[in-house]
1. Identify all residues within the range 185-227 that are under 17 Å from Ala73 (Cβ atoms) and touching a Phe, Trp or Tyr at 6+ places or on another chain (Cβ under 7 Å); write none if there are none.
2. Checking the structure you have, find out if any residue of the range 248-260 is closer than 18 Å to Asp118 by Cα, modelled with pLDDT under 85, aliphatic (A, V, I, L, M) and surrounded by fewer than 17 Cβ atoms within 10 Å (Cβ to Cβ).
3. Evaluate the range 89-98: report whether one residue or more is modelled with pLDDT of 90 or more, more than 17 Å from Val8 (Cβ to Cβ) and in a helix (DSSP H, G or I).
4. Within the group Gly7, Gly44, Gly21, which residue is out of contact with any Asp or Glu (no Cβ under 8 Å at 6 or more places or on another chain) and either modelled with pLDDT of 90 or more or part of a helix (DSSP H, G or I) (or both)?
5. Which of (1) out of contact with any Pro (no Cβ under 9 Å at 6 or more places or on another chain); (2) modelled with pLDDT of 90 or more; (3) not charged (D, E, K, R) does Ala193 not meet, given it meets every other one?
6. Have a look at Val76, Val34 and point out the one that is exposed (fewer than 14 other Cβ atoms within 10 Å of the Cβ) and in contact (Cβ under 8 Å) with a residue 60 or more places away in the chain.
7. Among the residues of the range 167-187, is any surrounded by 14 or more Cβ atoms within 10 Å (Cβ to Cβ), touching a His at 6+ places or on another chain (Cβ under 6 Å) and in a helix (DSSP H, G or I)?
8. Exactly one of these conditions fails for Arg79: (1) more than 18 Å from Arg163 (Cα to Cα); (2) in a loop (DSSP other than H, G, I, E, B). Give me its number.
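The values are calculated or read from the model by the stated rules, or taken from the named source; none is laboratory data. All values derive from a computational prediction rather than experimental measurement. Every residue, glycine as well, gets a Cβ built from its backbone with ideal geometry; the counts of neighbours run over all protein chains shown.
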Amino acid sequence: MPPTTYGVSFGKRFGVTLLAGVPGIVALVGYIYVTTPPTAVPAGLSLPLLAVLSGVNPLFLLGVACLLGAYAAPRVGLRSYLISRIGTGEGVWKHLREDVGLAVGIGILGGVLIVILDTVMMPFVGDLPQSVIGATRPTVASVLAYAPVRFLYGGITEELMLRFGLMSMLSFVGWRVTGRRADGPGPGVMWTAIVVSAVLFGVGHLPALAQSVALTPALIARTVLLNAVAGVLFGWLYWQRSLETAMVAHASFHVPLLMLSLVQVVLL
């Protein structure tokens, strides 16, 4: 049986997960600094300051998520090998290596599925304005510059926010509301937490999208669905395996998307 997070203090659970998510935010700040043209910097701000400010909100959300997860995850039996390492001294890889094949496979298949779904739904969505799909033609350099954001921010930081923080707390609340069981929340509670956290992630993309284009039912459905499908897969892995397994899957999910972006740059 893989180790749980019991036996490790709240402060250490919070600290180690917060530190794990910081590299993703650094990657995001660096990407904004490297790729933002001087003409796009608002008056009164310098480019370095703009880049640093872009990381404030994600850092705040990460901190809140790590607080929630540090409290809720061990109470509902959700595992993190990184946290367990503090209490047992056993390396993360000792337990994670058994799950890597499954995680990579699910992640890559999820990425391919998203590409297929996006292609199928695009005719119903219609043409998106240039402000949504990107004002400039991407280059190989810009695609590769975004890769650390995909793998570090997407694969690690977002998993800490959505799975460790949000899904853990939803599981805990559902467990309390439905009546505590000695062996933890049942499948109904867990699946509800998985789906709700995945859908909320999709819904969270809508406000920014609404600033660029009028939202239609088809566009809303596309945005929420494409973000939620992968979230369900990662949530299942978090529940059945570990937080780190979900992270590996999320990072692997971006591999086919990165390859597709590179192919599009070369061919278009």
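1. Once the filter is applied, which keeps residues that are under 17 Å from Ala73 (Cβ atoms) and touching a Phe, Trp or Tyr at 6+ places or on another chain (Cβ under 7 Å), the range 185-227 yields Pro185, Val189, Met190, Ile194.
2. Among the residues of the range 248-260, not one is closer than 18 Å to Asp118 by Cα, modelled with pLDDT under 85, aliphatic (A, V, I, L, M) and surrounded by fewer than 17 Cβ atoms within 10 Å (Cβ to Cβ), which makes the answer no.
3. Within the range 89-98, the subset modelled with pLDDT of 90 or more is 96-98.
Those still in the list that are more than 17 Å from Val8 (Cβ to Cβ) too: 96-98.
In the following step, the residues that additionally are in a helix (DSSP H, G or I) were identified as 96.
Yes, the range 89-98 contains a residue that is modelled with pLDDT of 90 or more, more than 17 Å from Val8 (Cβ to Cβ) and in a helix (DSSP H, G or I).
4. Unique residue meeting the criteria: Gly21.
5. (1)
6. Details: Val76 fails: exposed (fewer than 14 other Cβ atoms within 10 Å of the Cβ).
Within the list Val76, Val34, the selection yields Val34.
7. no
8. Going through the list (1) more than 18 Å from Arg163 (Cα to Cα); (2) in a loop (DSSP other than H, G, I, E, B), Arg79 breaks only (1).
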